[in-house]
Amino acid sequence: MTNLVCIGAQWGDEGKGKIVDVLSEQSDVVVRFSGGCNAGHTLVLNGEKTIMHLMPSGILWKHTSNVIGPGVLIDPKVLTEEIALCKDKGLLDNQDRLVVSPLAHLVFWHHRVRDGVQGDEDNWLGSTKRGIGPAYEDKVSRTGLRVGDLLSKDFNALRKQMKLVANDSHLPSDSELQMWRDTLAPYTKDTTSFLLNANADGKKILFEGAQGFGLDIDQGTYPFVTSSHCVSAYAAVGAGIPHTMLGETIAITKAYTTRVGTGPFPTRLNGVEDECLRHKGGEFGATTGRPRACGWLDLVQLRRARMVTGFSKLALTKLDVLSNYDVVNVCVAYVRPDGSQIVNPPATAEEYSSLTPFYVPFKNFGEVPQQINSIADLSAAAQSYIRFIEGYVGVPISIISVGPERGQELILLENTWQRS
Ligand code: IMP
């Protein structure tokens with residue numbers, strides 16, 4: 001099995017951008033298969049931060065082809081800007097570097113308006129206001145428009161379709177539609193054939209998830225979730241390929257937990273402790289800049305993510321942020337108001353919100369080094385934390401990241417992902 005799916009195991013923001021960047025070095029093709037520009041994948045190269053919302057993170061490696069599959073929502077304005085940025089940086093010097101599915105649905109300004117971008121809607125969900133919910137609504141109710149429509153239909157016909165769900169004042173102009181069409185046309189082709197051919201040629205394909213398990217529309221903390229699937233099985237649907245092509249899944253988790261938006265979060269810290277972890281970890285949203293709520297690692301959530309997605313490896317990010325804490329806690333069960341304990345998440349958000357964490361404490365890790373060459377470079381307490389996570393979740397940790405830059409990670413299972 002040569003291919004690999006990479007997903008977030010928490011509520012998004014696990015550091016997928018960095019890990020996908022590391023794995024992309026060994027990949028030939030990198031595929032985005034879900035979500036839209038609500039995702040913000042942060043990549044740090046030579047100290048320079050680049051945040052991509054739609055462009056697959058593999059774009060930073062010049063040997064890769066990057067695919068945006070049918071399951072992704074494309075905001076043509078955002079993708080046009082990212083294409084221009086990549087061209088400026090010399091990252092998009094030939095057309096084969098990016099392949100966009102004509103079946104991907106489009107997100108327009110009117111979707112953002114419906115998502116409350118003008119501040120006139122009650123954002124009870126704390127959405128990113130990128131129009132994601134309304135655009136998936138249109139997709140499912142069969143009033144949406146896709147990349148293939150943008151490239152082939154008369155502009156008046158496109159606007160007529162948009163008017164079914166939008167005000168005239170929110171519609172794109174001819175010049176905008178023309179610019180988006182001109183930008184996307186050279187990259188648009190049948191991604192299914194592209195991926196099947198790449199697979200038949202023995203190329204290594206990396207499927208890059210967006211958001212995280214806890215935000216999955218079915219499996220997450222509904223209704224405080226995003227509008228698409230974040231589980232690895234969706235990689236096949238959202239990329240338009242047979243599930244048998246997927247290979248193993250690696251899930252990414254921070255060494256602690258964060259969440260943006262609203263919804264249950266049993267291990268959330270309060271007041272000063274929350275503030276302290278947020279500042280140590282730089283926990284502000286890549287897409288919206290919003291402060292992320294911070295808390296201890298939730299192994300109940302992680303174990304559930306493994307049960308549903310079947311991931312066989314974990315990447316642990318931001319271990320360095322837990323340096324010098326007197327005590328590091330990890331949640332191994334939820335406690336109900338009546339004192340009973342559960343190790344599987346409840347079915348409703350109300351019940352979820354009533355739970356408190358049962359913790360196992362770990363001793364001070366000391367200063368976690370910014371560079372590690374072996375697990376022995378970590379303190380005994382940090383090593384026992386890692387072994388405990390592996391034991392509870394039941395899979396090995398194959399990558400430990402101790403900083404945002406390329407190279408600030410230890411890859412423990414070296415031979416599991418090598419380009420041929
Ligand atoms: P939406 O996806 O913009 O509709 O937002 C729905 C929920 O998902 C909100 O709680 C968002 O904060 C959250 N969300 C969406 N995308 C991300 C992400 O990339 N990272 C973290 N949270 C996200």
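The values are calculated or read from the model by the stated rules, or taken from the named source; none is laboratory data. Computed from a prediction, not measured in an experiment: that's the story for all the values here. Using ideal geometry, Cβ is built from the backbone for each residue, glycine included, and neighbour counts are taken over all protein chains shown.
One table, with the values for the structure above:
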item: Of residues in segment 119-135 being outside any helix (DSSP H, G or I) and in contact with a His (Cβ under 9 Å, 6 or more places away or on another chain), the one nearest to the ligand (Cβ to nearest atom); result: ARG130
item: Pairs where the first residue, in segment 372-399, is charged (D, E, K, R) and the second is surrounded by fewer than 20 Cβ atoms within 10 Å (Cβ to Cβ), C-beta under 6 Å, 6+ apart; result: ASP377/PRO369; GLU390/PRO396
item: Members of segment 185-207 that are surrounded by fewer than 14 Cβ atoms within 10 Å (Cβ to Cβ) and among the polar types (S, T, N, Q); result: SER193, ASN197
item: Flag for SER65 being buried (at least 24 other Cβ atoms within 10 Å of the Cβ), hydroxyl-bearing (Ser, Thr, Tyr) and touching a helix residue (DSSP H, G or I) at 6+ places or on another chain (Cβ under 8 Å); result: no
item: Criterion violated by THR226 - all others in (1) away from the ligand (no atom under 15 Å from the Cβ); (2) in contact with an Asp or Glu (Cβ under 9 Å, 6 or more places away or on another chain) satisfied; result: (1)
item: Sole residue being crowded, with 21+ Cβ neighbours inside 10 Å, hydroxyl-bearing (Ser, Thr, Tyr) and under 24 Å from GLY8 (Cβ atoms), chosen from TYR392, TYR352, TYR334; result: TYR334
item: Which listed residue, of LEU314, LEU302, is in a helix (DSSP H, G or I) and among the hydrophobic types (A, V, I, L, M, F, W, C); result: LEU302
item: Extreme residue, farthest from SER312 (Cα to Cα), among residues of segment 201-223 that are away from the ligand (no atom under 16 Å from the Cβ) and charged (D, E, K, R); result: ASP201
item: Out of THR244, THR249, THR287, THR253, sole residue that is within 12 Å of the ligand (Cβ to nearest atom) and either part of a strand (DSSP E or B) or not aromatic (Phe, Trp, Tyr) (or both); result: THR287
item: Of residues in segment 229-241 being within 16 Å of the ligand (Cβ to nearest atom) and over 29 Å from GLY403 (Cα atoms), the one surrounded by the most Cβ atoms within 10 Å (Cβ to Cβ); result: GLY238
item: Criterion (acidic (Asp, Glu), buried (at least 17 other Cβ atoms within 10 Å of the Cβ), in a helix (DSSP H, G or I) and at pLDDT 95 or above) met by exactly one of ASP182, ASP149, ASP138; result: ASP138
item: Residue within segment 210-224 that is surrounded by fewer than 21 Cβ atoms within 10 Å (Cβ to Cβ), among the aromatic types (Phe, Trp, Tyr) and either under 17 Å from SER27 (Cβ atoms) or at pLDDT 95 or above (or both) present; result: yes
item: From ASN324, ASN270, ASN344, ASN329, residue being of a type in the set (S, T, N, Q) and touching a helix residue (DSSP H, G or I) at 6+ places or on another chain (Cβ under 8 Å); result: ASN344
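Condition check ((1) closer than 12 Å to ILE252 by Cβ; (2) within 14 Å of the ligand (Cβ to nearest atom); (3) surrounded by fewer than 24 Cβ atoms within 10 Å (Cβ to Cβ); (4) among the charged types (D, E, K, R)) across all residues:
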residue	(1), (2), (3), (4)
ILE7	yes, yes, no, no
ASP13	yes, yes, no, yes
LYS16	yes, yes, no, yes
ARG32	no, yes, no, yes
GLY35	no, yes, no, no
THR42	no, yes, yes, no
THR50	no, no, yes, no
PRO56	no, no, no, no
TRP61	no, no, yes, no
